[in-house]
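This report concerns only the one structure given below.
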Amino acid sequence: MIFTYNILKNVIDTGKPIIINDQSQIKKMDSDQIDAITFISELRNERDYYAFLELNPGKGIVFYSDGNTFDGFTVFEIPLSEFYFEVNTEKGVIDIEVASRILCK
């Protein structure tokens with residue numbers, strides 16, 4: 001299942017989570033200071049964090065972290081309309097291959 005920035009922005013704006021299955025969901029981070037979401041995988045006890053900063057119409061910066069303090073975080077500039085990630089709904093995890101293509105654009 002593919003989740004584009006527009007879908008994620010709706011989660012941020014409304015505060016309504018997307019329940020993917022009984023083990024995973026996407027929800028707004030508990031902050032009114034930044035536009036950010038958390039992807040939660042209960043099965044793997046993992047969290048992925050995405051924060052979005054719109055620079056000007058059509059361009060933005062995405063901050064990503066898997067919550068592992070040893071890895072830090074990744075920052076990349078991308079037109080927000082092109083940002084997406086794919087979730088393997090059977091496993092309830094983000095598709096690593098797709099995430100890698102996004103980060104390497």
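Throughout, read-outs are computed from the coordinates displayed, never taken from laboratory work. Note that the structure is a prediction, hence the values are computed from the model and not measured.
A few notes on this one:
- Per-selection Rg to Rh, the range 11-54 - Cα, Kirkwood hydrodynamic radius: 0.99
- Based on every Cα atom in the range 1-91, Rg and the maximum pairwise Cα distance Dmax equal 12.8, 38 Å.
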